1. Could you work out what % of the accessible surface of the range 136-261 is carbon and sulfur, using a 1.4 angstrom probe and leaving DNA, RNA and ligands out of the count?
2. At 0.36 nm per residue, minus the direct Cα-Cα distance, what do ALA48 and ASN98 gain on full extension? Give it in nm, one decimal, please.
3. Rolling a 1.4 Å sphere over the protein heavy atoms, what is the accessible area per residue of the chain, to the nearest Å²?
4. Could you list the GluC sites (Glu not before Pro) in the range 205-263 that lie in coil according to DSSP, counting only those with at most 11 other Cβ atoms within 10 Å of their Cβ?
5. Once every DSSP H run of n ≥ 4 in the chain is given -39500 (n - 2.57) and the sum is divided by its residues, what mean residue ellipticity at 222 nm do you get, rounded to the nearest 500 deg cm²/dmol?
6. Pop out the ³J(HN,Hα) list for the range 186-192 in order, Karplus 6.51 cos²θ - 1.76 cosθ + 1.60 with θ = phi - 60°, rounded to Hz; leave Gly and Pro as x.
7. Go ahead and run the numbers for FRET between ILE339 and ASP279, Cβ-Cβ distance against an R0 of 41 Å, rounding to 0.05.
8. Dipole of the range 140-214, Cα-centred, from +1 at each Lys and Arg C-beta and -1 at each Asp and Glu C-beta, to the nearest 20 debye?
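The values are calculated or read from the model by the stated rules, or taken from the named source; none is laboratory data. Quick caveat, the model's predicted, so the values are computed rather than measured. As a convention, Cβ positions derive from the backbone with ideal geometry for all residues, glycine included, and neighbour counts pool all protein chains shown. Side chains are part of the model used for accessible areas, which takes the heavy atoms of the whole protein and leaves out ligands, DNA and RNA. Shrake-Rupley method; radii C 1.70, N 1.55, O 1.52, S 1.80 Å.
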Amino acid sequence: MKKLLVSLFLCCCVVISVANEIPALLSELDKAIIERPLYVKKRLEYLAGLNKILDNSETNEQRYHILGELYSGYSSFNADSSLYVARAIYEVAQRINNEDYRINAIMNMAEISGVTGMFKEALDLMKKVNRERLPDYLRPYYYHIYRTVYGNMADYTVSVTQKEQYKRLTDSYRDSILLVNNPESVTYQIVKADRYNVHGKWKESISMLEDYVDKHKMEVHDEAILYYTLSNSYSLIGDKENQKRCLLLSAIADMKSGVREYASLRELAVLLYQEGDLDRAYSYLKLCMEDAAMCNARLRIIETLKIFPVINEAYHLEKARRQHKLQIMFICICILSIILLGGVYYMYCQM
């Protein structure tokens with residue numbers, strides 16, 4: 001009985017702590033959104049610098065490596081530019097006559113095709129890659145692309161039979177990723193947590209990721225992905241407060257990394273809408289739509305369009321209601337002012 005009471009007390013303390021943390025995180029996110037143009041400017045300056053180095057490169061080998069950095073820089077920022085760079089990488093790989101470089105370029109094109117919703121084109125490109133001849137360092141990337149493409153296909157197909165088939169394939173490639181990645185890497189942790197979530201082991205996912213966060217320092221973009229995965233785990237056990245906390249941490253990291261293709265801010269907007277915070281929900285979702293359009297991330301545009309009309313209508317109805325309320329208050333103030341002036345005039349006449 002004593003242990004039970006202690007456990008309940010600790011749980012209550014954790015819930016209160018999370019609830020107190022959320023207002024500060026909301027303020028931090030609002031600040032990050034205001035400063036967002038600075039983060040985007042920093043990324044654009046980095047890309048401009050790489051392009052300048054590319055123009056001055058003397059060998060195809062140099063061009064290949066600089067283009068690879070450009071591809072990473074444009075990923076999650078501008079899909080059209082990413083695809084253009086991926087094609088340039090392929091052309092350079094052909095000139096160098098390096099098979100590993102050529103395979104990497106093909107997978108770059110397949111990856112960005114999957115992000116933009118061109119699943120058939122992505123799979124057609126991946127069929128050109130001979131898995132048996134893949135070097136070890138490209139195997140994790142190979143499995144990642146297949147897992148991502150089939151995962152998106154499972155999410156967007158309307159056929160129940162095909163959905164189950166794509167889920168099985170996603171599971172298979174997820175397992176393959178775990179086999180070829182270092183267990184201490186953030187990629188391994190995220191993919192394993194995703195696997196736990198799919199198979200109903202939500203508490204194991206939470207325990208593993210929270211422990212990893214406590215013990216490791218991550219890149220800001222990796223931090224965004226990890227907290228997004230963690231938010232899914234909390235959502236599945238019905239812990240709304242921790243789900244919101246993780247979405248906030250993920251969205252803050254997304255803003256600071258200057259990317260335009262993300263999911264956390266959209267899901268946070270939906271959560272805030274359900275809680276009645278229409279102002280933030282509307283402004284966050286509007287930013288999601290603008291960024292998805294700038295990035296040409298078609299899947300994110302589709303996801304945002306599913307909920308945007310509902311929140312947009314609710315926001316404008318609430319805005320109209322507030323304006324109507326202000327009009328009534330203004331009329332009441334005017335009437336009271338007239339009565340007050342009349343009273344003053346009456347008292348003046350009496351005096």
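1. Answer for the range 136-261 is 49 percent, counting heavy atoms of protein chains only.
2. So the extension gain works out to 15.3 nm.
3. Counting only protein heavy atoms, the per-residue value for the chain is 57 Å².
4. Within the range 205-263, the qualifying GluC sites (Glu not before Pro) (loop, at most 11 other Cβ atoms within 10 Å) are GLU219.
5. -29000 deg cm²/dmol
6. With the stated coefficients, the range 186-192 comes to 5, 4, 4, 4, 5, 5, 5 Hz.
7. The formula returns an efficiency of 0.70 here.
8. Charge dipole of the range 140-214: 340 debye, to the nearest 20.
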